[in-house]
1. Quick check: anything in region 113-122 open to solvent by 10 Å² or more (accessible area, probe 1.4 Å), among the polar types (S, T, N, Q) and away from the ligand (no atom under 16 Å from the Cβ)?
2. Looking only at residues in region 57-73 that are part of a loop (DSSP other than H, G, I, E, B) and away from the ligand (no atom under 11 Å from the Cβ), which one is least open to solvent (accessible area, probe 1.4 Å)?
3. Can you pull out every residue in region 310-327 that is out of contact with any helix residue (DSSP H, G or I) (no Cβ under 7 Å at 6 or more places or on another chain) and closer than 13 Å to Val379 by Cα?
4. Which condition number in (1) open to solvent by 20 Å² or more (accessible area, probe 1.4 Å); (2) among the charged types (D, E, K, R); (3) within 18 Å of Met184 (Cα to Cα) is the one that Glu125 fails?
5. Tell me, which residue of region 79-94 that is open to solvent by 10 Å² or more (accessible area, probe 1.4 Å) and near the ligand (Cβ under 9 Å from one of its atoms) is nearest to the chain's Cα centre (by Cα)?
6. From (1) open to solvent by 20 Å² or more (accessible area, probe 1.4 Å); (2) in contact with a Lys or Arg (Cβ under 9 Å, 6 or more places away or on another chain); (3) within 12 Å of the ligand (Cβ to nearest atom), pick out the condition that doesn't hold for Tyr76.
7. Scan Glu28, Glu24, Glu47 and give me the residue that is away from the ligand (no atom under 16 Å from the Cβ), open to solvent by 40 Å² or more (accessible area, probe 1.4 Å) and closer than 24 Å to Ala171 by Cα.
8. Any residue at all in region 183-191 that is under 21 Å from Thr40 (Cα atoms) and either of a type in the set (Phe, Trp, Tyr) or touching a Lys or Arg at 6+ places or on another chain (Cβ under 8 Å) (or both)?
Amino acid sequence: MLAIHGGQPVRKSLLSYGQQWIGEEDIEAVVETLRSPMLTQGPMIEEFEKKISEYVGVKYAVAFCNGTAALHAAYYAAGITSGDEVITTPITFVATANSALYLGAKPVFADIDNQTYNLDPKKVEKLITPRTKAIVPVDFTGQPVEYDSFRRLADQYNLVFISDGAHSFGAKYKGQPVGKCADMTMFSFHPVKPITTGEGGVIVTNNPDYYEKLQLFRSHGIKKSGFETQEGPWYYEMVDLGMNYRMTDIQASLGIAQIRKIDKFVKRRQEIASIYNEGFKDEEIIGLPYQLTGQQSGWHLYIIRLNLQKLRVSRKEVFEALRAENIGVNVHYIPVHRHPYYQALNYHIGLCPIAEKWYEEVITIPLFPKMTDEDVTTVITAVKKVVQFYKVD
Ligand SMILES: *Cc1c(COP(=O)(O)O)cnc(C)c1O
């Protein structure tokens, strides 16, 4: 009997959908910084940025207090301003689109590809206008987008290509770490993301002009060098309106300890995804995540897609039943344009039909590197138990 009907749950305690993995070495690194003279914007930030840029294989990395701040800074550095349009996906966390709004620009939502759930370059091209300034795809669930296609589009139409890689640090596109193909790529270090700094984010780029602007925006638009003046050694200039978006050295020291483990984390995520693929392969009600060849997903999320025609209930009942079995399922994401704030800005329902239909059918099941094989087995057991119960005869 299903737990939701009073039966025994598959698990005794709730398994969350995602979670950090902190070891003693991470704790020691943080404590060491707490004993040091600099708590913010000191040597740890510089070292962390160096480690990130080396890992990705780009010239520059600029760390921020969170991924949203990093996106805001990237949009600023790209010169996005009032009246501009930024084409992105509705299947993302709201921050991707909000960062355009912060600068007075308009997010334009293009539909997703029905197989990869990533932004479809062909749909993007149809929406390009003279006002379009940037395209911002998301490596959704950790699967890299078609970088070559977006690169071609950006070059052809003279657009800035910003990648939201919040899910894809450690993922590979054509054998190379994600972060090289776009003009700027954002990674987030929120606790559920590939590595964590508590809160944190970074922009990687090869462009020295963007690099300078990102640093400027991070710290109030203040310049400390690069000008000639007799005023005195204390002198600095505020040359543009920036923010305080700095990461602390405490966070950066955690990041330095975490980045050593990124390949191990991603490998474990891939292992878990393979166990799921194998466990669900004969279950016709469950659509499995489709993977393009030539890519290596970072497997930030594992999303199952329900074949609702073969079920007596909707996604909601399946979701609630899984929660009752103590499986910490989730849904990623509510299409951004469905939120009340966006509705009030006149984004209509029906704008992205593939994304909207897809949203009704999906459930995110737990996936994080610290999960044990037994945890993984309980998820498979619970999912099968629930969908078989609700299956139409
Ligand atoms: C997490 C996330 C962000 C925002 O990152 P924060 O570090 O939480 O601010 C942006 N986009 C996507 C796709 C994300 O998953």
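1. yes
2. Of all residues in region 57-73, those part of a loop (DSSP other than H, G, I, E, B) come to 57-59, 65-66.
Those still in the list that are away from the ligand (no atom under 11 Å from the Cβ) too: 57-59.
On the way: Gly57: 41, Val58: 17, Lys59: 136 Å².
Of everything passing the filter in region 57-73, Val58 is least open to solvent (accessible area, probe 1.4 Å).
3. Within region 310-327, Phe319, Arg323, Asn326 meet the criteria.
4. In the conditions (1) open to solvent by 20 Å² or more (accessible area, probe 1.4 Å); (2) among the charged types (D, E, K, R); (3) within 18 Å of Met184 (Cα to Cα), Glu125 misses (3) alone.
5. Phe93
6. (3)
7. Details: Glu28 fails: closer than 24 Å to Ala171 by Cα; Glu24 fails: closer than 24 Å to Ala171 by Cα.
The unique qualifying residue is Glu47.
8. Scanning region 183-191 turns up at least one residue that is under 21 Å from Thr40 (Cα atoms) and either of a type in the set (Phe, Trp, Tyr) or touching a Lys or Arg at 6+ places or on another chain (Cβ under 8 Å) (or both).
The values are calculated or read from the model by the stated rules, or taken from the named source; none is laboratory data. Just so we're clear, the structure is a prediction, and the values are computed from it rather than from any experiment. Positions of Cβ are generated from backbone atoms using ideal geometry, with glycine treated the same way; all protein chains shown enter the neighbour counts. Ligands, DNA and RNA are excluded from the accessible area calculation, which covers all protein heavy atoms including side chains. Shrake-Rupley method; radii C 1.70, N 1.55, O 1.52, S 1.80 Å.
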